[in-house]
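Bear in mind that the values in this text are calculations on the coordinates, not laboratory data. Predicted model only: the values in this text are computed from it and were never measured. Here the Cβ positions follow ideal geometry from the backbone for every residue, glycine too, while neighbour counts run over all protein chains shown.
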């Protein structure tokens, strides 16, 4: 969407990245992705898409369908976004409503679940103004609208209805936008609680060279490996000052008894996580499954709350996670917004992944200590981490310095 040619380094080679890159290429943009060096060069379109129609397959990439829908709404043309069957069960109506308030002609064309993709756009730009977005389903609804806002015809104000889930991701969105020349102004009430965001428009992103941080969510599995085995894992390329909220997972492990150390470009976890905790995981909800794996080996129960929105991810990450933990022998009490995990004698089991990459990676960590854990459909990790099992094999039964 920027003016000029940008270079990105540290680009993740995954299904999510692939479907997004393919979509921009379908729109006529020039994208040179060198997977072997993790570099990507893209010549921006200044918000004017070379092609005014497209039918985009976005697999099960929630990030792509949310961000691309918002971006396409700023242009002109006819576009459709669709994916795998699970994608057509994941709510998107709050994003569509938010975009309509800004003047977009966008709708779901899913007859069975009309609040879910596929999405159809008859785009003629965004007029701007004020929009209200629900905050309790996905922070990516807000992030998508924020990133699209500079290309509206007038300044955009986005108000948040209810509590905002995973706010660190919204902060990260604002930081990335600033790197490309656009400032986001956060708005607060009299109690200093965030109630919305303002983005001046019309304006244009400016091309830049941008170094993408290593994936802190992916790093959580190796931190968890240290916590479960009592070993040590140091992840390079991340620090306490990382943009990603999921770096906070190491603080959760600290509460459970691990040692955590930070360097200028590394984070290290060592020692066993022995103590169960009670915790609101709303800000770092993508690491709930990782915490569940660690909780199986604690000496007291762990209670996780504040993550009802996890039911709308790649799978129902509360119900289905509870099912697989019970299969391993744990006692699990399920709540609408979380669960209580009471450690018991574990057993080996075949673990269903529900095509959820995080289910596969989290439950695989259990197998570092509990024999007989079999992960079904391991290829689902290709969504975000194609080399996960190869990398896990490298560090098994030893301390490791690991570069995500």
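For this structure, a couple of remarks:
- Ranked packing of 379-385, 298-304, most packed first, by mean Cβ within 10 Å: 379-385, 298-304
- Dividing the mean sequence gap of close Cα pairs (under 8 Å, 6+ apart) by how many residues segment 216-403 holds gives a relative contact order of 21 percent.
- Share, in percent, of DSSP beta bridges within segment 216-403 that are antiparallel, nearest 5: 65 percent
- Separation of segment 294-361 from segment 182-196 is 35 Å, based on Cα centroids.
- Cα gyration tensor, segment 268-404 - rounded (a/c under 1.5), prolate or oblate: rounded
- Across segment 5-211, C-alpha contacts under 8 Å between residues 6 or more apart give a mean separation that, scaled by the residue count, equals a relative contact order of 18 percent.
- In terms of its alpha-carbon gyration tensor, segment 5-211 comes out rounded; the largest-to-smallest axis ratio a/c stays below the 1.5 threshold.
- Sorting 222-228, 56-62, 81-87 by their mean Cβ neighbour count within 10 Å, with the most densely packed peptide first, gives 222-228, 56-62, 81-87.
- Estimated 222 nm signal from helices in the chain, with DSSP H stretches of n ≥ 4 weighted -39500 (n - 2.57), rounded to 500: -8000 deg cm²/dmol
- For the chain: rounded, prolate or oblate by the Cα gyration tensor [a/c cutoff 1.5]: prolate
- Relative contact order %, the chain, counting alpha carbon pairs below 8 Å whose residues are six or more apart: 13 percent
- Each of residue 48 and residue 323 was given a label point 7 Å from its Cα along the Cα-to-Cβ line. The distance between the two points is 5.1 nm.
- Our note on the geometry: Cα centres of segment 88-126 and segment 7-86, 18 Å apart.
- With Cα atoms, 0 to 90° folded angle of helix 62-73 axis to the chain main axis: 10 degrees
- Potential lengthening between residue 369 and residue 13 on full extension [0.36 nm per residue; Cα-Cα distance subtracted]: 125.2 nm
- Inter-label distance for residue 208 and residue 105, nm, one decimal - labels placed 7 Å from Cα along Cα-to-Cβ: 3.5 nm
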